[in-house]
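The values are calculated or read from the model by the stated rules, or taken from the named source; none is laboratory data. Keep in mind the model is a prediction, meaning the values are calculated, not measured. All Cβ positions, glycine included, derive from the backbone under ideal geometry; neighbour counts span all protein chains shown.
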Amino acid sequence: MIMKKENKLEKIVSLCKRRGFIFPGSEIYGGLSGFYDYGPLGTELKFNIKQEWWKSIVRIRDDVVGVDATIIMNPKVWEATEHLEAGYSDTLVECKKCHQRFKADEFEGICENCGGKEFTEPRHFVTMFKTFVGPAEDSASTAYLRPETTAGIMVNFKNILDSTRIKIPFGIAQIGKSFRNEINPKDYIFRIREFEQMELEYFVKPGEDEKYFKEWVDSRFRWYQSLGLKNIRKREQSKEERAHYSAATTDIEYEFQFGWKEIEGIANRTDFDLKAHSKHSGQDLSYIESESGEKFIPYVIEPSAGVERLALAFLCDAYIEEKERVVLRLHPKLAPYKVAVFPLLANKPELVEKARGVYAGLKKDFVVAWDDRGNIGKRYYSQDEIGTPWCVTIDHQTLEDDTVTVRDRDTMKQGRIKILELKNYFSAHLGETSP
Ligand code: GAP
């Protein structure tokens, strides 16, 4: 099969729907632009991405702790950091013919929907979703859904200092939902309105920020490489592109079919947030260095990535059409199922029973699929298409010597392994990534 580049994304969209990775949100009611749901396999994929991130950022380090803050926060939070004016607002223009809206900075003078050439004047638009806390719908009860998880970390800076023994340099990490009322959601799950972010705020002594900024850019780049992601590069943002709080930002970009695009941004947020929150809350958010007694407001290095955007990059990178099969060459750590177990013949009770035993045993340690439909070749291809790295078949020889065949997704080679050794075999192949 020769794959036309322009069809690749469409094919991925179709596979994701057909096999239960990604569905349009509220699809039976015609969907809702910029919102997607995740099926059984997409949920596992997202979970694995988050787990690998959390392991490398929090679990294996001594200098980073986690937090889980609320989505709706006191609206003063957003006033303090100028989110409503500078950060999370956009300028939009509208096509006069079909009323499609575009971000003014991405607008190319011609409507990509209907070819129209007449547009409204640029209009300021706040991209934070508004809601009300309590029964009254007035300005006093107006609140916002967070557009980034950062603020939940910043407002807990003091709580974490007071409740742990952590010392600068240290980080606070958070994974959680963020919401942006994007003017023009597009490119499947690349730009959506509800998504999950994985963010780290790494607090450092002013003057040491540039060193740690470089370290985090390199460390984050290596994380993608350790999970097998190809077609990535680093790109420094120009002063004009940078967010209002940032002194330097480097993006990690992936080459999608629709161009090189940011999948993660690493920013030097300086002391912008803590200073602003100190001023507006009246709380002293400075840090006192125990050895020197020096008091300062820390600088912050922030690696920030979106789970769905990463999922899309990993899916696009993994999707390969070969002569006789479609295969998702996902890194085994990211693959939704690690192993699939098959009885060679579904109508031989002794094979099915033995296979059920192997399946139940492996399920204690891995996410495992069961398949007894059709012939073995079809079952292999069905697992290849969803990225399952290994297929285990229980055949007649198994009943004699307790060995099974293990077939590798990428090489398609098979070997015989003792049932008792399967757990160690898969665990070894799933060895740890280094950040
Ligand atoms: N706290 C910094 C921050 O939020 P950002 O560059 O706006 O920075 C960081 O977002 C990451 O969040 C992006 O690199 C992307 O992976 C993800 N992201 C942002 N907006 C998104 C959207 N509308 N849809 C999907 N992912 C998004």
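So if I check each of Phe190, Phe203, which one is within 30 Å of Asp37 (Cβ to Cβ) and at pLDDT 95 or above? Show your work before the answer.
Numbers: Phe203 fails: within 30 Å of Asp37 (Cβ to Cβ).
On inspection, the qualifying residue turns out to be Phe190.
For the condition at pLDDT 95 or above, assigned to a loop (DSSP other than H, G, I, E, B) and closer than 22 Å to Gly152 by Cα, what is the one hit in Leu274, Leu285, Leu330, Leu334?
On the way: Leu274 fails: assigned to a loop (DSSP other than H, G, I, E, B); Leu330 fails: closer than 22 Å to Gly152 by Cα; Leu334 fails: closer than 22 Å to Gly152 by Cα.
After ruling out the rest, the residue left standing is Leu285.
Any idea how many residues of the range 115-130 are assigned to a strand (DSSP E or B) and in contact with a helix residue (DSSP H, G or I) (Cβ under 9 Å, 6 or more places away or on another chain)? If you could, list the steps in order and put the result at the bottom.
Of the range 115-130, the ones assigned to a strand (DSSP E or B) are 119, 123-126, 130.
From what's left, in contact with a helix residue (DSSP H, G or I) (Cβ under 9 Å, 6 or more places away or on another chain): 123, 126.
Of the residues in that region, 2 qualify.
Identify, please: which residue in the range 236-256 is touching a residue at least 12 places away in the same chain (Cβ under 8 Å) and surrounded by fewer than 14 Cβ atoms within 10 Å (Cβ to Cβ) and is, among those, nearest to the ligand (Cβ to nearest atom)? Steps first, answer last, please.
If we filter the range 236-256 for residues that are touching a residue at least 12 places away in the same chain (Cβ under 8 Å), which is where we start, we get 236-237, 242-256.
With surrounded by fewer than 14 Cβ atoms within 10 Å (Cβ to Cβ) added as a condition, the list becomes 236, 244.
Numbers: Glu236: 14, His244: 11 Å.
Filtering the range 236-256 for residues that are touching a residue at least 12 places away in the same chain (Cβ under 8 Å) and surrounded by fewer than 14 Cβ atoms within 10 Å (Cβ to Cβ), the one nearest to the ligand (Cβ to nearest atom) comes out as His244.
Is at least one residue of the range 323-339 touching a strand residue (DSSP E or B) at 6+ places or on another chain (Cβ under 7 Å) and under 30 Å from Lys76 (Cα atoms)?
no
Inside the range 389-422, can you point out the residues that are free of Cβ contacts under 8 Å to residues at least 24 places away in the same chain and among the acidic types (Asp, Glu)?
Glu400, Asp401, Asp402, Asp408, Glu421
Taking into account only those residues within the range 179-226 that are touching a Ser or Thr at 6+ places or on another chain (Cβ under 6 Å) and among the polar types (S, T, N, Q), which is farthest from Leu45 (Cα to Cα)?
Asn181
Quick one: which strands (runs of 3 or more DSSP E) sit completely within the range 24-114 and have at least 1 residues that are more than 30 Å from Thr164 (Cα to Cα) and aliphatic (A, V, I, L, M)? Talk me through it step by step, then tell me what you get.
Values: elements: 36-38, 64-66, 89-94, 101-103.
In the range 24-114, 89-94 are the strands (runs of 3 or more DSSP E) which contain 1 or more residues that are more than 30 Å from Thr164 (Cα to Cα) and aliphatic (A, V, I, L, M).
Let me confirm something: among Glu294, Glu302, Glu308, Glu321, which residue is away from the ligand (no atom under 16 Å from the Cβ), modelled with pLDDT of 95 or more and within 26 Å of Lys214 (Cα to Cα)? Spell out the reasoning first.
Details: Glu302 fails: away from the ligand (no atom under 16 Å from the Cβ); Glu308 fails: away from the ligand (no atom under 16 Å from the Cβ); Glu321 fails: within 26 Å of Lys214 (Cα to Cα).
Just a single option satisfies the conditions, and that option is Glu294.
The rows are residues; the columns are (1) touching a Cys at 6+ places or on another chain (Cβ under 8 Å); (2) under 22 Å from Leu229 (Cβ atoms); (3) buried (at least 16 other Cβ atoms within 10 Å of the Cβ).
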residue: Leu9; (1), (2), (3): yes, yes, yes
residue: Lys17; (1), (2), (3): no, no, no
residue: Ile57; (1), (2), (3): no, yes, yes
residue: Pro75; (1), (2), (3): no, no, yes
residue: His83; (1), (2), (3): no, no, yes
residue: Asp90; (1), (2), (3): no, no, yes
residue: Val93; (1), (2), (3): no, no, yes
residue: Glu108; (1), (2), (3): no, no, no
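For the range 271-278, indicate whether the set of residues that are within 14 Å of the ligand (Cβ to nearest atom) and either touching a residue at least 12 places away in the same chain (Cβ under 8 Å) or in contact with a Phe, Trp or Tyr (Cβ under 7 Å, 6 or more places away or on another chain) (or both) is non-empty. Even if it seems obvious, please write down each step before you answer.
Applying the first criterion (within 14 Å of the ligand (Cβ to nearest atom)) to the range 271-278 yields 272-273.
Okay, now just the ones that are also either touching a residue at least 12 places away in the same chain (Cβ under 8 Å) or in contact with a Phe, Trp or Tyr (Cβ under 7 Å, 6 or more places away or on another chain) (or both), so 272-273.
So far as the range 271-278 goes, yes, one or more of its residues are within 14 Å of the ligand (Cβ to nearest atom) and either touching a residue at least 12 places away in the same chain (Cβ under 8 Å) or in contact with a Phe, Trp or Tyr (Cβ under 7 Å, 6 or more places away or on another chain) (or both).
Looking only at the range 104-113, decide whether some residue is in contact (Cβ under 8 Å) with a residue 40 or more places away in the chain and touching a Leu at 6+ places or on another chain (Cβ under 7 Å).
Going residue by residue through the range 104-113, those that are in contact (Cβ under 8 Å) with a residue 40 or more places away in the chain are 106.
After this cut, where a residue has to be touching a Leu at 6+ places or on another chain (Cβ under 7 Å) as well, the list is none.
No: zero hits.
Which of (1) surrounded by 17 or more Cβ atoms within 10 Å (Cβ to Cβ); (2) at pLDDT 95 or above; (3) within 28 Å of Tyr36 (Cα to Cα); (4) more than 16 Å from the ligand (Cβ to nearest atom) does Leu161 not meet, given it meets every other one?
Leu161 satisfies all of (1) surrounded by 17 or more Cβ atoms within 10 Å (Cβ to Cβ); (2) at pLDDT 95 or above; (3) within 28 Å of Tyr36 (Cα to Cα); (4) more than 16 Å from the ligand (Cβ to nearest atom) except (3).
Of the residues that make up the range 261-268, is at least one away from the ligand (no atom under 13 Å from the Cβ) and either under 26 Å from Ala143 (Cβ atoms) or at pLDDT 95 or above (or both)?
Checked the range 261-268: no residue is away from the ligand (no atom under 13 Å from the Cβ) and either under 26 Å from Ala143 (Cβ atoms) or at pLDDT 95 or above (or both).
For the range 190-235, give me each residue that is assigned to a loop (DSSP other than H, G, I, E, B), away from the ligand (no atom under 12 Å from the Cβ) and surrounded by 20 or more Cβ atoms within 10 Å (Cβ to Cβ). Lay out the reasoning, then the answer.
At the first step, the residues of the range 190-235 found to be assigned to a loop (DSSP other than H, G, I, E, B) are 190, 192-193, 205-208, 227-231.
Filter again for away from the ligand (no atom under 12 Å from the Cβ), leaving 205-208, 227-231.
The answer is Leu227, Leu229.
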